[in-house]
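Novice: Please read through the structure below; I'll follow up with questions.
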Amino acid sequence: MMPLAIAGALVVLLPLAGLVGRVELADLGGLVSSPAAATALGLSLRTAAIATALVVVLGVPLAFALHAMRGAARAVARALVLIPLVLPPVVGGLALLYAFGRRGLLGEAVGGSLAFTTTAVVLAQTFVALPFMVVAVESALAARTGRHEAVAATLGASRTRILATVTLPALGPALATGAVLAFARALGEFGATLTFAGSLEGVTRTAPLEVYLARETDPGAAAALSLVMVAIAIVVVAVAYRPVGSAR
Amino acid sequence: MMPLAIAGALVVLLPLAGLVGRVELADLGGLVSSPAAATALGLSLRTAAIATALVVVLGVPLAFALHAMRGAARAVARALVLIPLVLPPVVGGLALLYAFGRRGLLGEAVGGSLAFTTTAVVLAQTFVALPFMVVAVESALAARTGRHEAVAATLGASRTRILATVTLPALGPALATGAVLAFARALGEFGATLTFAGSLEGVTRTAPLEVYLARETDPGAAAALSLVMVAIAIVVVAVAYRPVGSAR
Amino acid sequence: MTPDAMTPGAMTLDCHVVVQPRRVDARLTLATGRTLVLLGANGAGKSTVLEAIAGLVPLSDGHVSLDGRPLADARTSTPARERGIGLLSQDDALFPTMSVRDNVAFGPRSRGASRAAARATADDWLARVGLDGCGDRRPGELSGGQARRVAIARALAAEPRVLLLDEPFAGLDVGAASEVRALISSLLKERTAVVTTHDALDAYAFADDVAVVEGGRVVEAGAASEVLTRPRTAFAARMAARVLVVGTMRGGALVTDAGVRVPVTGGPGAGRRAAVAARPAAVALEGDEGPRAPGRAWIAEHVTALEPRGDEVRVHGTSLAADVDPADAALLSLGDRIAFGVPAGLDAYPLTPS
Amino acid sequence: MTPDAMTPGAMTLDCHVVVQPRRVDARLTLATGRTLVLLGANGAGKSTVLEAIAGLVPLSDGHVSLDGRPLADARTSTPARERGIGLLSQDDALFPTMSVRDNVAFGPRSRGASRAAARATADDWLARVGLDGCGDRRPGELSGGQARRVAIARALAAEPRVLLLDEPFAGLDVGAASEVRALISSLLKERTAVVTTHDALDAYAFADDVAVVEGGRVVEAGAASEVLTRPRTAFAARMAARVLVVGTMRGGALVTDAGVRVPVTGGPGAGRRAAVAARPAAVALEGDEGPRAPGRAWIAEHVTALEPRGDEVRVHGTSLAADVDPADAALLSLGDRIAFGVPAGLDAYPLTPS
Amino acid sequence: GIAPGLHAENTSREPSRTLSVYAAASLSEVMERIADQFEIAHPDVDVRVTYGGSSDLAAQIAEGAPADVFASANTTQMDAVADLVAVEPRLFAKNHLVIAVPAGNPAGVTALADLEDPAVVSVICAPQVPCGAATAELAALDALRLAPASEEQSVSDVLAKVASGQADAGVVYATDIARADGVEAVAIEGTERVLTRYPIAPLDAAAEPTLASDFVDYVTGPEARAMLTESGFGVP
Ligand SMILES: Nc1ncnc2c1ncn2[C@@H]1O[C@H](COP(=O)(O)OP(=O)(O)OP(=O)(O)O)[C@@H](O)[C@H]1O
Ligand SMILES: Nc1ncnc2c1ncn2[C@@H]1O[C@H](COP(=O)(O)OP(=O)(O)OP(=O)(O)O)[C@@H](O)[C@H]1O
Ligand code: MOO
Ligand SMILES: [Mg+2]
Ligand SMILES: [Mg+2]
């Protein structure tokens, strides 16, 4: 087991080391204070946070709805939810354009007001991050026996009360997992944002887009900015993500 | 709940509908039989399957190792594992080049033979998909009380036996979730592959890269190929992914 | 139950529980305010019957109705929360994410009590099951018997119209069992309740009616005194701490199938199947050969088990049992053939309907 | 245990279990081949002691050693799998992903048996606990008592050097309990074992030694006959189905703290604390006033509970109890002041060391 | 590829040698035709072209990508791999900027100055990438202050925004118009003041140096010049 675990860790850590190796540490300070980078990082954190909140609000009910489905319908619905994961992000961006763009399914009114806005960034991030929450919560639901819910019902509790006091607290670890994955994915989102929302400093140019752009002129600086993103993500995740061992 | 679930579903389904709307259905048949598309799809399925297997082999031990860690070390290690999720894929690809490229950390010998081969495609996919398995298995481990493992030990079972017959079977649903997410992510992987492995037909040009290429000259055809990818993913996922309700 | 007690009125719990996959097909009727104790071997279907009545297990067939209102049949089912039927399940199924107090307060809160009132009620119930001061703990931090008591408090605090208790005293220590038995016994006085148990004491403590389940079917049912003192199956007899002698009435005596003549009082007409039930303490024991005391009918059986019970040893034969002095029991070995002396003049009762 | 039985030899289970967070601090010594029955109220610490011995709960302090070999102390701990100590835990903890047969075969397989041999062994054990034919089911498809029996079969099939059984008969029906009791009793003859129970019958059935745990400490320990017939605490007396009369020896009689003089035989010297233990069946009952039969010492107490027990009703006072005819009990109400008649001439024994 | 002709399969002969060409994305259409013609002239050769942003390609070449020839869309990226090229790079094509508008030109854009109006939703390349640098240079010459809704990463991204109708106008290379569906060109006055130059060079690591040189010769030769001109490129 241990050699494999180390090999697995190396798959992640060697590229990180490679990235670190390309950065002159002197650059790091200057970068974080560079206004473009700071703006992009701020925008990324803000949009990823909102997208994560949306993912919770939309993804949890969706997971419950999926869980309530049966048979083939459920299998298909479950696979449909994974689509944003399978679609290459650029194609995902195109699909978002076809749906929410100016000439998209929802028409000019909606599309026109979304185009090239921060809202579009949030929508793109929500699109790509949603599957993580749905999958995490749905598999946690599938692992539940329903025994506690049944007992709660014999005690006279309404559906809402059972949901709020029995089911959701028990889903705590799954929610944390889903939210952390969603946040990380939203933070790293690049292709769909670029394709659907564009790239304008302070409005739609998130940190990954800034990194991509910086790379054209200064690969070292791009690597440094990536590292700052990684560092921020590590801090956020380490603080927010403590999968609690659910008591029996 | 229900309106939110529907809203969540729409976030995924509207873009899908947009994509479908752009495809002349007549194209679909021709597409699947077009040699380039077929080659790309075949390559994608093959590499994604191998990557998923690698993710299982490396990710599960890594999740156990993480689970065995304590305190701050664990929080940091857990966040480090999420790096491939946070890094924009193109930066991930660059990081892979810095590690496994010709001028990378592992030096000319490894780097010269690895980058820009089908192996590189698999490595890139493994890199981006690994976090899903680790997170799924680790949070399942955290939710276990360890009671069954303890009882198994009093029955005289070795660690290996406990792992193989008690722990792993109980992790079934988490393994399925992790494998499905990993497979989907590997199938959709674009940026890291392009950067680290290049885009050579039959060798490194997976379906997402083929879609990207086609997108400029024939958006309809690109959308059609995306749909075929989605359809394949749906079939694979619907067949493979049945989170079983773990008995108590 | 006797045909009389079974008359379904408007105010009854009336059910025919069929759960195919568990091979259960049991009919029960219980008048409002009465307590039915359900006896049966492991796997007989007791829990299944309770869970079906509570709405936790779907019926394959049959029906459940309460006070004339249908609650469930094979096609329709009133949700558990609307049935007003509380269930203490065999597994405690405490909510692991809530404190012990919140577990017990769950029922009152669900019925609309304020948070403060519900907590006060919970603390009150916790005190009544002997767990004051445990309210702030998590269920995972309790001993087995403590958890069971919390589950009991939770079920009682919800104050349902009908209470179903699945082995309420399993795992309780002697003191707690006797206190909780008294508590439940007083609560059940005004309440419709079904209680399963493996302990005859429970049946004596609060049963109005007793039903015996065997292989998913109710094989014996009626008023507690009737079923406990006149058991018609070996199992029911064992539950009532009695042994059964079965035979055919012939000339005012009960003649066993092996031909032993047991003088009895009463009993049905000649030729009818009948039984007498004796307490093991009243059964005498002698060697298979040799002199035998008069006033008893002697039935020879092999010794199947010797069970030390405090001051006495219970000697089990294939169907009979006798409590004897340890000194006497010490002379016996498994497989020995001995004679059980059943007292003459026991009350005989018919086994088949006339 | 008596000082003699407690002499720690090389061939013993010797432990001092301290688990701070559960307030347990218990010392136990058990000679090889003997069976110790652990009695105690809910939450007393019985399961904690067993789990610490098995290696499932870490010691805060103290030690566990087997046959002179240290297994654990506050700092070091031999892994559970290397201790050769089997545990039947209070929760069944069956492996949910395995069939019932594979659950039972788990121990044999772990000890190196071939798959076929282990399965044969498993089927054999399943038959011995009365579950032939259930091998292919999943644990989730069993009734409560069936699951318990599978857990018992699994623990026994592993054939550990030392067997720890936490409430082995909880939830078993009368028939199964008596069969499994006989089975375990025969198995424990050659085995070192610790068994917890709330049922005095178990102690009588297979205890060589008995220890009583109260509040995490061992308050009474010794040979079974000693602890069961000469209990020194009310709880131990209750477990042995006896009531305790405590007092000070004065002129060959036991004088209770309320001043009642109980004629006894034996007992320690004058001025020493002593006790007699009586069976409730041997205690008589009279109204508080009025004539009282001779040959008994009469102690007045309030009625705290009336417990129907088949042919009799057990009348509980604050410390005493008496089994009386239901007709007599019907005249009593809770709170009535009545006189319990303790027989004269019972064997008195000292409560404090001389 | 998806589009017939992108990957002409020559089934009649069995190519025994392969040539790997890394070419800027803006060359995709014309480079396919050039490669086809080269293969006809060299029946034993299979030319495989990898397209991408010039900087991506340069980074990959630097990390050991199996490229025999590099055709870049600007000199900066060619300079980035200067130590890996076999011989001095040669310029083989030029390009100039135009305004791309959706079919029908719904916003009625006629000049680069129209892109100063925020009401016209316009997109340009970011100044960090070659086409964006050129756009900025051109705007500066006329002292225009463009008000783009987005500064994209590449020409392709600009084209996609225009083609999808998301943007009313975008600045791209003249040759890109032909590559995209549903896009029309609006000429920019004085666009020839800012030209983008395409260098090409065989690489040191080429498996067959001679073949690589032959291909570079062919691209800079008269037949290829004709095809480039036909596709709208300027030639040196
Ligand atoms: N979830 C289940 N799935 C399938 N069969 C089950 C399930 N639960 C119980 N059974 C089976 O149904 C039958 C009745 O079980 P039930 O739990 O009602 O018995 P019980 O009388 O409560 O027994 P016990 O005294 O052991 O609690 C048993 O044969 C049991 O094996
Ligand atoms: N996981 C735990 N964490 C903290 N405290 C616990 C835990 N389990 C048990 N306790 C507490 O430790 C004490 C001893 O518990 P233990 O389970 O050993 O009692 P027991 O004698 O086995 O009781 P029972 O007869 O109810 O099984 C109790 O006060 C209990 O509340
Ligand atoms: O072909 Mo480029 O490098 O995107 O202008
Ligand atoms: Mg049951
Ligand atoms: Mg316990």
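Novice: Quickly run through region A:62-93 and pick out the residues that are part of a helix (DSSP H, G or I) and in contact with a Phe, Trp or Tyr (Cβ under 7 Å, 6 or more places away or on another chain). I'd like the intermediate steps shown before the answer.
Specialist: Initially, region A:62-93 is screened for residues part of a helix (DSSP H, G or I), giving A:62-68, A:71-81, A:83-86, A:89-93.
Within region A:62-93, A:ARG78, A:PRO84, A:PRO89, A:VAL90, A:GLY92, A:GLY93 qualify.
Novice: Anything in region E:43-70 that is within 10 Å of ligand 3 (Cβ to nearest atom) and not aromatic (Phe, Trp, Tyr)? List them, or say none. Steps first, please.
Specialist: Going residue by residue through region E:43-70, those that are within 10 Å of ligand 3 (Cβ to nearest atom) are E:51-58.
If the condition is that a residue be within 10 Å of ligand 3 (Cβ to nearest atom) and not aromatic (Phe, Trp, Tyr), then E:GLY52, E:GLY53, E:SER54, E:SER55, E:ASP56, E:LEU57, E:ALA58 are the ones that fit.
Listed here are the residues, each with its yes/no results for (1) under 18 Å from the mean Cα position of the chain (by Cα); (2) at pLDDT 95 or above; (3) surrounded by fewer than 22 Cβ atoms within 10 Å (Cβ to Cβ).
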{"site": "C:ASP4", "(1), (2), (3)": "no, no, yes"}
{"site": "C:PRO8", "(1), (2), (3)": "no, no, yes"}
{"site": "C:VAL18", "(1), (2), (3)": "no, yes, yes"}
{"site": "C:ALA31", "(1), (2), (3)": "yes, no, yes"}
{"site": "C:GLY40", "(1), (2), (3)": "yes, no, no"}
{"site": "C:VAL49", "(1), (2), (3)": "yes, yes, no"}
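Novice: A further question follows. Which residue, of C:ALA193, C:ALA113, is more than 24 Å from C:LEU38 (Cβ to Cβ) and either away from chain D (no Cβ under 13 Å) or within 16 Å of ligand 3 (Cβ to nearest atom) (or both)? Don't jump to the end; show me each part of the working.
Specialist: Details: C:ALA193 fails: more than 24 Å from C:LEU38 (Cβ to Cβ).
Being more than 24 Å from C:LEU38 (Cβ to Cβ) and either away from chain D (no Cβ under 13 Å) or within 16 Å of ligand 3 (Cβ to nearest atom) (or both) holds for just one of C:ALA193, C:ALA113, which is C:ALA113.
Novice: Can you confirm whether region B:201-211 contains a residue that is in contact with a strand residue (DSSP E or B) (Cβ under 8 Å, 6 or more places away or on another chain) and either at the interface with chain A (Cβ under 7 Å from one of its Cβ atoms) or at pLDDT below 90 (or both)? Before the answer, list the steps.
Specialist: So in region B:201-211, the residues in contact with a strand residue (DSSP E or B) (Cβ under 8 Å, 6 or more places away or on another chain) come out as B:201.
Among the residues that remain, those that are also either at the interface with chain A (Cβ under 7 Å from one of its Cβ atoms) or at pLDDT below 90 (or both) are: B:201.
Yes, the conditions are met somewhere in region B:201-211.
Novice: With respect to C:THR48, determine if the residue is under 26 Å from C:PHE169 (Cβ atoms), within 14 Å of chain D (Cβ to nearest Cβ) and more than 15 Å from ligand 4 (Cβ to nearest atom). Working first, answer last.
Specialist: Details: under 26 Å from C:PHE169 (Cβ atoms): yes; within 14 Å of chain D (Cβ to nearest Cβ): yes; more than 15 Å from ligand 4 (Cβ to nearest atom): no.
No: the conditions fail for C:THR48.
Novice: Got a sec? Which of D:ASP123, D:ASP132 is more than 8 Å from every other protein chain (Cβ to nearest Cβ), open to solvent by 10 Å² or more (accessible area, probe 1.4 Å), at pLDDT below 95 and farther than 29 Å from D:ARG69 by Cβ? Reasoning before the result, please.
Specialist: Details: D:ASP123 fails: at pLDDT below 95.
Of the residues listed, the single one that is more than 8 Å from every other protein chain (Cβ to nearest Cβ), open to solvent by 10 Å² or more (accessible area, probe 1.4 Å), at pLDDT below 95 and farther than 29 Å from D:ARG69 by Cβ is D:ASP132.
Novice: I've got another one for you. Can you name the helices (runs of 4 or more DSSP H) wholly within region D:200-279 that have at least 3 residues being over 12 Å from the mean Cα position of the chain (by Cα) and on the phi < 0 side of the Ramachandran plot?
Specialist: Values: elements: D:200-206, D:224-229, D:234-239.
Fully inside region D:200-279 and qualifying: D:224-229.
Novice: So, one more: Any residue at all in region A:42-63 that is surrounded by 15 or more Cβ atoms within 10 Å (Cβ to Cβ) and modelled with pLDDT under 85?
Specialist: Among the residues of region A:42-63, not one is surrounded by 15 or more Cβ atoms within 10 Å (Cβ to Cβ) and modelled with pLDDT under 85, which makes the answer no.
Novice: Sticking with this structure for a sec: Search region C:52-73 for residues being open to solvent by 20 Å² or more (accessible area, probe 1.4 Å) and within 23 Å of A:ARG147 (Cβ to Cβ), and hand back the single one that is nearest to ligand 2 (Cβ to nearest atom).
Specialist: Per the stated criteria, the residue is C:LEU56.
Novice: Which of the residues spanning region B:92-103 are without any contact (Cβ under 8 Å) to a residue 24 or more places away in the chain and open to solvent by 10 Å² or more (accessible area, probe 1.4 Å)?
Specialist: Of everything in region B:92-103, those that are without any contact (Cβ under 8 Å) to a residue 24 or more places away in the chain and open to solvent by 10 Å² or more (accessible area, probe 1.4 Å) turn out to be B:TYR98, B:ARG102, B:ARG103.
Novice: Open to solvent by 50 Å² or more (accessible area, probe 1.4 Å), in contact with a strand residue (DSSP E or B) (Cβ under 9 Å, 6 or more places away or on another chain) and not hydroxyl-bearing (Ser, Thr, Tyr), is that true of D:ARG279? Full working, then the answer.
Specialist: Values: open to solvent by 50 Å² or more (accessible area, probe 1.4 Å): yes; in contact with a strand residue (DSSP E or B) (Cβ under 9 Å, 6 or more places away or on another chain): yes; not hydroxyl-bearing (Ser, Thr, Tyr): yes.
Taking the combined requirement at face value, the residue satisfies it.
Novice: In region E:74-87, which residue that is open to solvent by 10 Å² or more (accessible area, probe 1.4 Å) and in contact with a strand residue (DSSP E or B) (Cβ under 7 Å, 6 or more places away or on another chain) is nearest to ligand 3 (Cβ to nearest atom)? Walk me through how you get there before you give the answer.
Specialist: Pass one, region E:74-87, residues open to solvent by 10 Å² or more (accessible area, probe 1.4 Å): E:74-77, E:79-80, E:82-87.
The next check asks that each one be in contact with a strand residue (DSSP E or B) (Cβ under 7 Å, 6 or more places away or on another chain); those that pass are E:74-75, E:84-87.
Working: E:ASN74: 7, E:THR75: 11, E:LEU84: 18, E:VAL85: 17, E:ALA86: 22, E:VAL87: 22 Å.
Among residues in region E:74-87 that are open to solvent by 10 Å² or more (accessible area, probe 1.4 Å) and in contact with a strand residue (DSSP E or B) (Cβ under 7 Å, 6 or more places away or on another chain), the one nearest to ligand 3 (Cβ to nearest atom) is E:ASN74.
Novice: Taking the criterion of being free of Cβ contacts under 8 Å to residues at least 40 places away in the same chain and under 18 Å from C:THR318 (Cα atoms), would at least one residue in region C:214-232 satisfy it? Even if it seems obvious, please write down each step before you answer.
Specialist: Step one: of region C:214-232, the residues free of Cβ contacts under 8 Å to residues at least 40 places away in the same chain are C:219-220, C:225, C:227-228.
Going one step further and asking which of them are under 18 Å from C:THR318 (Cα atoms), we end up with none.
No, because not a single residue in region C:214-232 is free of Cβ contacts under 8 Å to residues at least 40 places away in the same chain and under 18 Å from C:THR318 (Cα atoms).
Novice: Are any of the residues in region C:135-144 in the same structural domain as C:GLN20 (by TED's automatic domain parsing) and within 16 Å of ligand 4 (Cβ to nearest atom)? I'd like the intermediate steps shown before the answer.
Specialist: Keep residues of region C:135-144 that are in the same structural domain as C:GLN20 (by TED's automatic domain parsing), which gives C:135-144.
After this cut, where a residue has to be within 16 Å of ligand 4 (Cβ to nearest atom) as well, the list is none.
Within region C:135-144 (the criterion being in the same structural domain as C:GLN20 (by TED's automatic domain parsing) and within 16 Å of ligand 4 (Cβ to nearest atom)), the answer is no, since none of the residues qualifies.
Novice: Enumerate the pairs (first residue in region C:80-93 and more than 8 Å from chain A (Cβ to nearest Cβ); second residue anywhere and more than 16 Å from ligand 2 (Cβ to nearest atom) and open to solvent by less than 10 Å² (accessible area, probe 1.4 Å)) with beta-carbon separation below 6 Å, excluding pairs fewer than 6 apart on the same chain, so at least 6 apart or on different chains.
Specialist: So the pair list comes out as C:LEU88/C:ALA155; C:LEU88/C:LEU165; C:LEU88/C:ASP166; C:GLN90/C:ASP166.
Novice: Please list, ordered by first then second residue, the pairs with beta carbon atoms under 6 Å, 6 or more apart or interchain, first in region C:154-172 and within 13 Å of C:ASP91 (Cα to Cα), second within 16 Å of ligand 5 (Cβ to nearest atom) and in a helix (DSSP H, G or I).
Specialist: If the second residue must be within 16 Å of ligand 5 (Cβ to nearest atom) and in a helix (DSSP H, G or I), the pairs left are C:PHE169/C:ALA177; C:GLY171/C:GLY144; C:GLY171/C:GLY145; C:GLY171/C:ARG148.
Novice: Of all residues being within 14 Å of chain D (Cβ to nearest Cβ) and within 22 Å of the chain's Cα centre (by Cα) in region B:115-169, which is surrounded by the most Cβ atoms within 10 Å (Cβ to Cβ)? Just the residue, please.
Specialist: B:ALA140
Conditions tested, residue by residue: (1) in the same structural domain as C:VAL194 (by TED's automatic domain parsing); (2) away from ligand 5 (no atom under 16 Å from the Cβ); (3) surrounded by 20 or more Cβ atoms within 10 Å (Cβ to Cβ).
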{"site": "C:PHE106", "(1), (2), (3)": "yes, yes, yes"}
{"site": "C:SER114", "(1), (2), (3)": "yes, yes, no"}
{"site": "C:ARG148", "(1), (2), (3)": "yes, no, yes"}
{"site": "C:LEU156", "(1), (2), (3)": "yes, yes, yes"}
{"site": "C:LEU172", "(1), (2), (3)": "yes, no, yes"}
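Novice: Out of the residues in region E:112-156 that are open to solvent by 10 Å² or more (accessible area, probe 1.4 Å), at the interface with chain A (Cβ under 9 Å from one of its Cβ atoms) and not in a loop (DSSP other than H, G, I, E, B), which is farthest from ligand 4 (Cβ to nearest atom)?
Specialist: E:PRO130
Novice: Of everything in region D:295-305, what is open to solvent by less than 60 Å² (accessible area, probe 1.4 Å) and either touching an Asp or Glu at 6+ places or on another chain (Cβ under 8 Å) or aliphatic (A, V, I, L, M) (or both)? Give them in sequence order. Write out each step before concluding.
Specialist: Just the residues of region D:295-305 that are open to solvent by less than 60 Å² (accessible area, probe 1.4 Å), to begin with: D:295, D:297-301, D:303, D:305.
Across region D:295-305, the qualifying residues are D:ALA297, D:TRP298, D:ILE299, D:ALA300, D:VAL303, D:ALA305.
Novice: Considering only residues that are in a strand (DSSP E or B), open to solvent by less than 10 Å² (accessible area, probe 1.4 Å) and of a type in the set (A, V, I, L, M, F, W, C), which ones fall in region E:176-202?
Specialist: E:ILE200, E:ALA201
The values are calculated or read from the model by the stated rules, or taken from the named source; none is laboratory data. Note that this is a predicted model, so its numbers are computed, not measured. Note that each Cβ is placed from the backbone with ideal geometry, even for glycine, and that neighbours are counted across all protein chains shown. Note: accessible area is taken over every heavy atom of the protein model, side chains too, but ligands, DNA and RNA are not part of it. Shrake-Rupley method; radii C 1.70, N 1.55, O 1.52, S 1.80 Å.
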